[in-house]
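No value in this document is a laboratory result; all are computed from the given coordinates. Just so we're clear, the structure is a prediction, and the values are computed from it rather than from any experiment. Every residue, glycine as well, gets a Cβ built from its backbone with ideal geometry; the counts of neighbours run over all protein chains shown.
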Amino acid sequence: MLKTLRIQPNGGDGLRPAPVTIFVNGAPTTAYPGETVATALLAAGSARFRTTARGAPRAPVCNMGVCFECAVTVDGRPGTRSCMTLVADGMRIERS
Amino acid sequence: MTTEHNEDYDLLVVGAGPAGLGAALEAAARGLKVAVVDEQHAPGGQIFRQPPGSFKQPEGGAKLAYPFGRELLRRARADTRIAWHYGTMAWGVFRDPQQECLRLGVSKNDAGAMLNGRALLVATGAYDLPVAFPGWTLPGVMSAGGVQTLLKSQFLRPGSRFVLAGSHPLLLLVADLLLTSGAEVAEVAFARPRPAIGELLRGWRAVPGHLGLMLQAARAAWNLKRHGVPLRFGSMIKAASGADAVDGATMVDVDRDWRPLPGTERHVEADTLVIGYGLLASTELARQAGCAVDYKPDEGGWIVRRDATMRSSVDGVWVAGEPGGVGGAELAHLEGRLAALDIARTLAAPGQRPGDDELDAVQRAIRKAHRFSDVVRDFFAPNMAALARLASGDTLVCRCEEVSAAEVRDFLDRNPHVSDVNSVKLACRTGMGMCQGRYCQHTTAQMLSEATGKPVDCLGHHTARAPVKPVSVISLAQLQDTLR
Ligand SMILES: Cc1cc2nc3c(=O)[nH]c(=O)nc-3n(C[C@H](O)[C@H](O)[C@H](O)COP(=O)(O)OP(=O)(O)OC[C@H]3O[C@@H](n4cnc5c(N)ncnc54)[C@H](O)[C@@H]3O)c2cc1C
Ligand code: FES
């Protein structure tokens, strides 16, 4: 079940611009310019953003760049805070 | 591409929240050359975080509770005198003895630069107080600020059934936003006892000028009632359950000192657990610059010491807003303006220097804003000792380096002479990871305090070193004298 939801505060749609495609672990995924990578991943139903050395799953906590739990690899740059990074068309994201 | 070298500023501002914006606009109006650095992609800081420009703007948001917010953002967006550097992180403050200026190390994606300034204002705000309880590292446990900013600036609801636990008024606003978004809110639990009428009346005396905010909170409480959401007092988080993600929370009733009452545990199903027990001042950059700090748990932990015009103990460094004590947007904004006026007193051209009367007026307004924020603070102060006792043996204290409470307690048992948090850091690795101790320092300090019987302010704080946030080697390798 998809628990996370993009909401429409105006009731209708038309809030978001035309979507772009990003690739999450190789799979094409829809995102909207202006969204952060964390938003796009959460909206796509990701519960696990990274896996710790001991194998535990982690996901965003603070959404403001402080906790580093949302770190993923973006276009080859590991350790990128997804909550502070904006999506771009064709962006490649690796969750671990 | 050409680069301008050694571009000098009169004032460098870190943080584009109410404090930093207030300062930058005031200083620019006095003819100072100002640069503002913020790692977010737009002005506003935490409270006035806006939807991205690419979204059609809906009405509403926290700015309605603070009418000055809308105007502040409009002025900031329109001001072309100021060099705005968004998406840019400040990671270190250095001194250039030859040029008699401060140098701010900044990085943006893979580019790095040093900005030179005659004065520096640290306006880095605050972040949610992390609370280490069993299960707190599970995906689905989020801070109140995290959930709020996802909802109000990204229009994303990170779950469908929520439990909110804490002691901070922010929790009410988040619950309200969640209900409005169609989420199911299973309960909102405040750790403090239900306020007595006398207490509420005392609070109201401080309200004039903050009516918007009080109404917002009252409306939120009413909305909870209308939706039949239980608003509990004297109830605290005990644990989060789940395998790969949260599936529920165990709550426990507590006494006045937030001590659990045996046999009162309740399990509540939820896919997202929202934690809001307070805020910690974001002082890493100020501490790295050498600013003296004092421990004031109800104002955000270790906060930067300042004089009556927001000067820190370090020459050339001023601090405004929450790194100097958590007190709300209005206060932060006034403090930023006051710091800018004081800076302009020495750096502005003689005809543009502010008079004492201008500083007096802002200082009076600050005293008034304090009346409100002090009441709010007393009312919602977190009980740090009680929160630190939540960690069971295998609860991770340090999320980054995966150090458990048992490992820290063991070390303290074996080394009874240890009496500062940096020794715990060196031996146990708490605070050595990506977040640089932001998420474990206060829990470690409380555990050390419990073990030694000494108060937290005698146990020191983590040494803040550059870079205060991890920065890529590529951007350091490409370090240049200014941002392109
Ligand atoms: C998540 C969150 C939500 C909040 N919501 C509310 C609310 O709804 N209502 C309310 O009354 N109060 C709220 N508060 C309290 C709020 O912090 C203050 O009222 C007000 O925002 C403080 O203003 P400030 O300018 O001191 O800091 P902030 O507004 O926090 O601004 C600080 C800025 O500094 C930037 N920054 C920090 N470190 C660096 C660095 N190293 N490099 C570059 N940039 C950096 C941050 O990105 C941020 O934009 C909230 C606090 C938080 C943390
Ligand atoms: S969610 Fe905390 S750093 Fe991104």
At R0 = 35 Å the Cβ-Cβ FRET efficiency linking B:Gln478 and B:Ala406, nearest 0.05, sits at 0.20
Testing the spin-label approximation: label points 7 Å from Cα along Cα→Cβ at B:Glu269 and B:Glu184. State their distance in nm.
0.6
Take every Cα-Cα pair in chain B and report what % of them are more than 38 Å apart.
25
About its Cα centre, region B:380-458 carries a charge dipole, from +1 on Lys and Arg Cβ atoms and -1 on Asp and Glu Cβ atoms, whose size in debye to the nearest 20 is 140
Förster-model FRET efficiency, 41 Å R0, A:Ala44 and B:Arg465, C-beta, rounded to 0.05
0.65
Express the Stokes-Einstein translational diffusion coefficient of region B:315-390 in µm² s⁻¹, to the nearest whole number, given a Kirkwood radius over alpha-carbon pairs, 20 °C and a viscosity of 1.002 mPa s.
150
To the nearest 20 debye, what charge dipole does region B:48-202 have about its Cα centre, counting +1 at the Cβ of each Lys and Arg and -1 at the Cβ of each Asp and Glu?
380
Which loop-located GluC sites (Glu not before Pro) does region B:265-305 contain, where loop means any DSSP state but H, G, I, E or B and the Cβ has at most 15 other Cβ atoms within 10 Å?
B:Glu265
What is the set of long-range amide H partners of A:Glu35 at a cut-off below 5 Å, with H atoms built 1.01 Å from backbone N?
A:Val87
Run the simple label-point estimate for B:Leu261 and B:Ala218 please: 7 Å along Cα→C-beta, distance reported in nm.
3.0
Lys and Arg at +1, Asp and Glu at -1: add these up for the other residues within a Cβ distance under 14 Å of B:Arg409 and post the number.
-3
Mind running the shape call on region B:364-429? Use the C-alpha gyration tensor, a ≥ b ≥ c as the square roots of the eigenvalues: rounded below 1.5 for a/c, prolate if a/b tops b/c, oblate otherwise.
prolate
Give me a single rounded figure for A:29-40: the average over its residues of other chain Cβ atoms within 10 Å of their Cβ.
4
Rounded to the nearest 0.05, what FRET efficiency is calculated for A:Asp89 and B:Asp394 with R0 set to 51 Å and r the Cβ-Cβ distance?
0.70
Rounded if a/c is under 1.5, else prolate if a/b is larger than b/c, else oblate: which is the protein assembly as shown, with a ≥ b ≥ c the root eigenvalues of its Cα gyration tensor?
rounded
Ranked by Cβ crowding within 10 angstrom, fewest neighbours first, how are B:Thr137, B:Thr463, B:Thr250 ordered?
B:Thr463, B:Thr250, B:Thr137
Per the helix-only model, the protein assembly as shown has a calculated mean residue ellipticity at 222 nm (DSSP H runs of ≥4, -39500 (n - 2.57) each, divided over all residues, rounded to the nearest 500) of -8500 deg cm²/dmol
Extension gain, B:Asp374 back to B:Asp357 (0.36 nm per residue minus Cα-Cα distance, nm)
3.6 nm
Environment charge at B:Ala348 (Cβ cut-off 9 Å; Lys +1, Arg +1, Asp -1, Glu -1):
+2
Partner chain Cβ atoms within 10 Å, averaged over the residues of B:153-166 - can you pull that number for me?
5
Full-extension gain between B:Thr309 and B:Tyr86, please, as 0.36 nm times their residue separation minus the C-alpha to C-alpha distance.
77.6 nm
Signed unit charges on C-beta, dipole axis of chain B, positive-most listed residue B:Gly146, B:Pro169, B:Gly301
B:Pro169
For chain A the mean separation of alpha carbon contacts under 8 Å (6+ apart) over residue count, i.e. relative contact order in percent, is 31
Compute the long axis of helix B:405-414 from its Cα atoms, compare it with the longest principal axis of the Cα atoms of chain B, and write down the angle in degrees, 0 to 90, nearest 10.
90
Cβ-defined net charge surrounding A:Cys70, 15 Å radius [Lys, Arg +1; Asp, Glu -1]
+4
Work out the charge dipole of region B:394-484 with +1 on the Cβ of Lys and Arg and -1 on the Cβ of Asp and Glu about the Cα centre, then indicate which of B:Val456, B:Gly431, B:Val408 is farthest towards its positive end.
B:Gly431
Hey, fewest Cβ within 10 Å first, where do B:Val471, A:Val66 land in order?
B:Val471, A:Val66
Would you mind checking the pairs B:Lys108/B:Lys238; B:Lys238/B:Lys425; A:Lys3/B:Lys56 and listing those with alpha carbons more than 29 angstrom apart?
B:Lys108/B:Lys238
Assign unit charges at the C-beta atoms only (+1 for Lys and Arg, -1 for Asp and Glu), then state the dipole size of the protein assembly as shown relative to its Cα centre in Debye, rounded to the nearest 20.
780
Please list the non-local residues whose amide H lies under 5 Å from the amide H of A:Ile7, H modeled 1.01 Å from N, same-chain partners needing a gap of 5 or more.
B:Leu156, B:Arg157
Non-local amide H neighbours of B:Glu187 (under 5 Å, H modeled in plane, Pro and chain starts lacking H): which ones?
B:Leu164
Given a cut-off of under 8 Å on Cα pairs at least six residues apart, what relative contact order in percent is computed for chain B?
20
